[in-house]
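Asks: Sending over a structure as structure tokens; questions will come in a sec.
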Amino acid sequence: MIEQGVRELKDVIAGNDGANAADRRFARAVDGLINALYDDIGQISTLPTRALFDLFVIKVLYVGRRSRHAAVVDYLGQLLEDHLDARELFPPNDGGRPRRMYFSEMLDEQRQATRFQNLFEAYRKYADTALFVTGVFPESLSKRRPSSRTPLRRRAARTVDAGYYVTTGKTMYRMAARHELAEHTEQRELLDRLADYFEVYMDALNEMSDRYIMGFDMELIADKMLDSINRYRHTGEARYIENARRYAAILRVDQQRFPSLFARAGQAG
């Protein structure tokens with residue numbers, strides 16, 4: 001149901017490309033699908049990750065920030081799915097350990113020939129990584145003061161912050177847009193837009209990460225906990241009180257203040 005609902009939302013977005021169709025009915029449909037994700041916290045979902053990411057992007061970008069372009073919504077959903085594997089973020093060095101990539105490396109076509117088919121792919125890939133990291137893991141890029149004991153060759157890496165990735169990410173999208181393959185792949189306009197509004201998309205991904213990936217929508221979790229408690233009171237079914245406990249654990253509800261919630265299912269009143 002959720003996967004089909006996401007497809008229908010994307011059809012609406014594609015059919016209104018260049019405008020924003022997120023009226024109240026559309027927004028309610030998005031919230032309804034997200035609400036459905038939380039209905040049974042103990043259930044193992046078979047929802048494809050791409051549909052999940054598309055839904056979150058639609059929520060924070062298309063509804064939340066009134067984005068007007070179907071290609072951007074689709075691109076960001078694909079970007080998130082592509083970067084599920086942490087090895088895609090920072091390719092391993094010769095010793096097999098992950099390392100950071102720097103702007104100067106992207107200018108060395110001979111070096112990139114071993115990993116990318118061409119510079120267009122290299123530019124776009126670096127920009128994607130910069131957007132993903134600053135969007136989903138911004139706390140990992142907070143500037144740290146290097147210790148006086150830190151070797152000189154490592155001090156530069158310690159001072160790389162989010163600003164570095166924002167600046168170079170925008171530059172890489174722009175360079176990819178200027179490459180001749182951008183015209184052949186019909187991505188020039190999209191890549192220019194990603195460069196122009198990099199911070200907008202980064203901010204949307206920050207919200208998505210906080211509410212749906214690295215954290216939870218706490219207001220929705222609280223509502224679900226109360227709903228589960230009420231359903232247990234009306235039906236006496238143990239699964240509802242178990243779900244309420246799971247929601248409470250996420251909310252870090254104090255067990256001493258709410259002993260009945262954490263009592264055995266047969267004793268809860």
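Asks: Scan around Ser67 for amide H atoms under 5 Å from its own, H built in the peptide plane at 1.01 Å from N, and keep only partners 5 or more places away or cross-chain.
Replies: Tyr62
Asks: While we're on this one: Quick one: 3J(HN,Hα) in Hz for the range 124-138, Karplus 6.51/-1.76/1.60 with θ = phi - 60°, rounded, Gly and Pro as x.
Replies: The phi angles translate into 5, 5, 5, 4, 4, 5, 4, 5, 5, 5, 5, x, 9, 10, x Hz.
Asks: Moving on. Give the Cα extents of the range 1-81 along the principal axes, in whole Å, largest first.
Replies: Taking max minus min along each principal axis of the Cα atoms, the range 1-81 gives 39, 27, 19 Å.
Asks: So what are the ³J(HN,Hα) numbers for the range 47-57, from phi and the Karplus equation (6.51, -1.76, 1.60; θ = phi - 60°), rounded to whole Hz, Gly and Pro as x?
Replies: Whole-Hz 3J(HN,Hα) from phi for the range 47-57: 5, x, 4, 5, 5, 5, 5, 4, 4, 5, 5.
Every number in this text was worked out from the coordinates using simple rules, so none of it is lab data. Quantities reported herein were computed from a predicted structural model and do not represent experimental measurements.
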